[in-house]
Amino acid sequence: MKLKTIIGSILAVAALLKLADMWNLIHWEWLWSQPFTEYIGPVVVLLVGLDIAFEGLWGDKDRWLSRPVPENQGKRAMFSVSCGGDEYIYRGEPFKGAQIDVRFGGLRLDLRGAEITEDEEIDIRTVCGGVELFVPSGVNVTAKSRSFIGGVGNQTERNADPSSKCLHVTSSNILGGVTIKN
């Protein structure tokens, strides 16, 4: 049994007992004057509510909405997310750069299977959101950031081969961030 099921059951029973007391079916005035029900109970209800409300942000990683990789509009692929979480996985398609716009959500872009034949640019703009970018291990990444309460974390390994391709990531973040990984 999941912890949420147990907590939900306890809260449902407590709510039913409170209703029964309010309707004078039972008389448990002493129960509602205990420190647990006056102080700790509301905090538990608040935490469970926040957990349910924001589960999509930090919960199960399989809750990302997998979308097909868009066809390039001219040179760059365009990705846009508002109030949600989208995941794009390249599986052998050519990658010719990207423009990513995220507002109040998240985007995961997996380029580990992409065909990168030359240096490319990725322009990222986030407002209250984040981008998780996975790049192939043989590709170098340079990252520049213009951020207000946010930033870019480049956790990739640098390839010493001078002929290796490079992704140039430029990011503008307002209350958001970008993580780049291999």
In the range 120-135, the residues that are under 29 Å from Asp161 (Cβ atoms) and buried (at least 20 other Cβ atoms within 10 Å of the Cβ)
Glu120, Ile122, Ile124, Val131, Leu133, Val135
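Quick check on this structure: which one of Gly150, Gly177 is at pLDDT below 90 and either under 21 Å from Gly84 (Cα atoms) or within 14 Å of the chain's Cα centre (by Cα) (or both)?
Criteria check complete, one pass: Gly150.
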Give the residues of the range 68-98 that are within 18 Å of the chain's Cα centre (by Cα) and crowded, with 17+ Cβ neighbours inside 10 Å, sorted by residue number.
Phe79, Val81, Gly85, Asp86, Glu87, Tyr88, Ile89
Checked the range 99-119 for anything touching a Pro at 6+ places or on another chain (Cβ under 9 Å) and surrounded by 19 or more Cβ atoms within 10 Å (Cβ to Cβ); matches are Leu111, Ala114, Ile116
How many residues of the range 144-182 are surrounded by 14 or more Cβ atoms within 10 Å (Cβ to Cβ), closer than 21 Å to Thr117 by Cβ and without any contact (Cβ under 8 Å) to a residue 40 or more places away in the chain? The answer is 3
Mind checking which pairs have a first residue in the range 1-18 that is in a helix (DSSP H, G or I) and a second that is at pLDDT below 75, Cβ under 7 Å, 6 or more apart or different chains?
Ile7/Val48; Leu11/Val45; Leu11/Val48; Leu17/Trp28
Selection from the range 92-146 of residues of a type in the set (Phe, Trp, Tyr) and in a loop (DSSP other than H, G, I, E, B) yields Phe95, Phe104
State all residues of the range 147-168 that are farther than 17 Å from Gly106 by Cβ and in a strand (DSSP E or B); if no residue qualifies, say none.
Phe148, Asn154, Cys166, Leu167, His168
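The values are calculated or read from the model by the stated rules, or taken from the named source; none is laboratory data. Here the structure is a predicted model, which means the values were calculated and not measured. Every residue, glycine among them, receives a Cβ derived from its backbone with ideal geometry; neighbour counts consider all protein chains shown.
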